[in-house]
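Structure first, then comments.
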Amino acid sequence: MKTQNLLYDENLPESYLKRLDEILPVHEVHKVKFQSGTKQAWGEETVILLCLNDEQVAEVLPRIQEKNWVAGFLPHPQGPKTRKEFGVDSDPEKAFKHIQETTRTVKTDALYCNDRLVLSSIIIGDALSMPQESFERNIWLRIINVFRLIGKLTVIKHHKYKITGKDPDFKEINTSALGIVVVERMNALLLTKKLEGNTFINDGFLNALILSPTSVFEMLGFVFRSLIPGLEHLSKLPKFIGSVKTRQLTIETEEVISFLIDGIELNTKLIEMEVQPAAIEIIPGRHLKLPENKKTGKKSYQIHALPKSRAADYLATRSLPLIKRAATEDFKDLFVVLRQNAQTTNSYLIMMTLSTLLATFGLYANSTPVVIGAMILAPLIAPIVSISMALVRQDTELLFKSSKTLLFGTVLALLATAFFALIIPIKIPTPEIEARTAPTLLDLGVAFISGIAAAYTHAREELAKSLAGIAIAVALVPPLAVAGVGIGWFDFSIFFGGFILYLTNLTGIFISAGLTFILLGFAPFKIARKGLIITLIMLVPISVPLSFGFSKMYREAMITRSLERVEIENHKIRDLNIRVGSPTVVSLRIVSDRNITEGEIDGIKQVFEERLGKEIELEVVTAIRR
């Protein structure tokens with residue numbers, strides 16, 4: 001039986017010290033007060049029971065390693081990291097009983113950072129890198145911490161790091177990041193507990209997490225996870241967090257940077273970390289998870305998404321941008337797509353004709369599903385987005401090609417629809433047609449949002465499947481088909497209404513897609529300014545009829561709301577419809593249990609005129625209820 005010695009903190013509460021006296025056998029365990037800087041001289045066959053705070057444990061363990069002693073742990077009120085790292089029971093009596101009953105010892109790794117033993121974690125750079133374990137149980141502390149971090153997001157920026165390792169296959173990493181967190185086990189971090197099963201205290205590896213968000217929005221999503229129960233524990237790391245699992249790392253910075261070892265702040269330009277495998281023999285706590293076999297994982301490097309070269313330089317020289325800035329590879333892929341979309345191909349012209357004719361059939365048949373099908377088929381959104389990029393980038397070649405494609409598609413659609421309207425004898429506007437002859441500012445809002453979605457979808461390849469939904473939302477082909485019907489019928493009001501709605505959609509997309517490309521970093525504002533001015537000039541004449549249309553819609557809504565409150569004895573008003581004009585026309589359906597006389601209708605008209613304060617023209621349809 002090895003000799004047992006208790007090294008304890010003399011600053012423990014008196015009640016805690018008395019409880020230790022009750023638990024520990026007087027003659028079998030030798031008690032010694034801890035004194036910082038003092039080196040104990042016990043024999044080789046010694047078990048050291050530690051009842052110390054985290055900082056004291058970190059000071060003593062290297063001595064235990066040096067002398068090949070065995071360490072056991074009793075819980076200390078200020079030793080949460082020790083309890084977590086070694087699976088120590090929070091009850092000192094249970095912890096001591098486990099030490100006496102177990103016959104198993106484990107050789108655990110020792111992680112050193114700049115010659116200091118690390119119990120829990122190393123946090124390099126900005127301390128907001130990971131929500132910490134102390135916030136796990138108190139939701140209010142979590143909320144306060146999250147809002148504190150949000151306040152920092154407007155001023156923080158990346159630091160540049162050079163990361164090297166001794167492994168032959170380790171390639172030097174030059175990147176930028178908000179911070180780097182290094183742990184032995186993933187359970188040291190609140191958000192990575194579900195990854196704990198891949199890390200052990202004796203697997204011979206350290207785990208470095210490199211936090212490199214490229215925008216405030218990207219970081220916000222990560223921070224808010226810590227507030228939502230069930231989502232705060234990651235099952236896999238976000239793309240913007242690089243990970244390195246290895247035995248040794250050296251991290252260099254261009255300027256002195258602060259970092260924390262188990263919460264203790266230090267400052268340096270060079271941080272050296274190394275895991276010494278199987279360095280310290282311990283009696284594992286009863287809550288410590290150990291691997292069932294000797295295969296405890298292998299080194300890995302997940303660093304492909306980290307910013308490099310120009311992107312790293314950009315993030316290290318200014319505050320974190322609101323939205324992710326486009327990387328070089330994003331430019332290449334997007335411009336290849338946009339230049340393809342700018343081509344006037346036979347496929348484009350055929351699909352343009354088919355989608356317009358399909359929309360025309362839907363308009364004539366008053367069939368909403370058919371009209372929606374035409375929206376999905378229409379290829380118009382592609383050259384429009386290309387024009388938006390060409391305007392903000394001042395790319396004359398792209399602007400010319402995409403404008404030519406859009407013009408050919410527009411003219412072809414108008415001619416096809418006009419020819420169809422000429423040969424079909426039906427010339428009665430359906431509700432689907434009438435709905436697209438009175439555009440308002442609301443339609444401009446729809447186009448504006450759709451333009452943002454279209455630009456963002458083109459910039460993010462993984463969102464390409466959303467293009468069909470965007471085509472439905474902005475509805476480019478149906479108003480163009482309505483304009484073509486107006487030409488075929490020689491009806492200027494229908495042509496004007498449909499074509500204004502079409503131009504509204506185009507202008508809204510030009511402006512919002514251009515702004516989106518600027519925010520995503522595809523065009524500097526100095527270059528894009530001229531293109532934005534051109535689109536704003538286009539918006540001015542279009543806004544006039546849109547404003548009139550919105551004003552008319554608003555007046556009709558106010559009149560409808562006013563008349564809906566009118567109560568008529570023995571009659572019920574249904575399907576109230578208002579058409580503002582000279583005079584204003586009020587159409588409605590009256591449901592009654594008997595025939596309505598002309599005098600009663602005149603009375604209803606008089607009530608309405610008194611309510612509105614002006615003369616109206618009343619259209620009444622009666623229905624008898626039996």
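The values are calculated or read from the model by the stated rules, or taken from the named source; none is laboratory data. Since the structure is predicted, the reported quantities are computational estimates derived from the model, not experimental observations. For neighbour counting, all protein chains shown are included, and Cβ atoms are generated from backbone atoms with ideal geometry for every residue, glycine included.
Structural remarks
- Conditions (1) more than 36 Å from the chain's Cα centre (by Cα); (2) modelled with pLDDT of 90 or more: number failed by Thr253: (1)
- Check on Pro431, closer than 21 Å to Gly508 by Cα and of a type outside the set (A, V, I, L, M): no
- Among (1) at pLDDT below 80; (2) within 30 Å of Gln78 (Cβ to Cβ) - the single one Ile283 does not satisfy: (1)
- Cβ pairs under 8 Å, 6+ apart, first in region 98-124 and assigned to a loop (DSSP other than H, G, I, E, B) and crowded, with 20+ Cβ neighbours inside 10 Å, second hydroxyl-bearing (Ser, Thr, Tyr) and modelled with pLDDT of 90 or more: Leu119/Thr82
- Taking each residue of region 3-26 that is touching a residue at least 40 places away in the same chain (Cβ under 8 Å) and looking for partners that are among the basic types (Lys, Arg) with beta-carbon atoms closer than 6 Å, six or more apart or interchain, yields Leu6/Lys31.
- Residue match in region 407-415 (condition: at pLDDT 85 or above, outside any helix (DSSP H, G or I) and among the hydrophobic types (A, V, I, L, M, F, W, C)): no
- When residues of region 590-623 are limited to those that are in contact with a Ser or Thr (Cβ under 8 Å, 6 or more places away or on another chain) and polar (S, T, N, Q), the one surrounded by the fewest Cβ atoms within 10 Å (Cβ to Cβ): Asn595
- Any hit, region 436-443, residues being over 30 Å from Ser551 (Cα atoms) and either of a type in the set (Val, Ile, Thr) or part of a helix (DSSP H, G or I) (or both): no
- Residues of region 163-182 satisfying the condition of being in contact with a helix residue (DSSP H, G or I) (Cβ under 8 Å, 6 or more places away or on another chain) and over 15 Å from Ala316 (Cα atoms): Val181
- Residue, farthest from the chain's Cα centre (by Cα), within region 381-429, restricted to residues that are of a type in the set (Ser, Thr, Tyr) and surrounded by 15 or more Cβ atoms within 10 Å (Cβ to Cβ): Thr417
- The single residue among Glu272, Glu252, Glu281, Glu265 that is part of a strand (DSSP E or B), on the phi < 0 side of the Ramachandran plot and in contact with a Leu (Cβ under 6 Å, 6 or more places away or on another chain) turns out to be Glu252.
- The listed residue being part of a helix (DSSP H, G or I) and in contact with an Asp or Glu (Cβ under 7 Å, 6 or more places away or on another chain), out of Val392, Val371, Val385, Val337: Val371
- Within region 37-65, the set of residues being part of a loop (DSSP other than H, G, I, E, B) and at pLDDT below 85 comprises Gly37, Thr38, Lys39, Gln40, Ala41, Trp42, Gly43, Glu44, Glu45.
- On the stretch given as region 575-589, residues that are surrounded by 13 or more Cβ atoms within 10 Å (Cβ to Cβ) and farther than 17 Å from Arg555 by Cα total 2.
- Scanning region 6-36 for residues that are assigned to a loop (DSSP other than H, G, I, E, B), of a type in the set (D, E, K, R) and surrounded by 10 or more Cβ atoms within 10 Å (Cβ to Cβ) gives Asp9, Glu28.
- Qualifying positions in region 24-35 - within 27 Å of Val106 (Cβ to Cβ) and within 53 Å of the chain's Cα centre (by Cα): Phe34
Residue-wise test of (1) outside any helix (DSSP H, G or I); (2) of a type outside the set (Val, Ile, Thr); (3) closer than 18 Å to Tyr456 by Cβ.
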residue: Ala481; (1), (2), (3): no, yes, no
residue: Val485; (1), (2), (3): no, no, no
residue: Ile494; (1), (2), (3): no, no, no
residue: Gly497; (1), (2), (3): no, yes, no
residue: Tyr502; (1), (2), (3): no, yes, no
residue: Asn505; (1), (2), (3): no, yes, yes
residue: Ser512; (1), (2), (3): no, yes, yes
residue: Leu539; (1), (2), (3): no, yes, no
residue: Ile542; (1), (2), (3): no, no, no
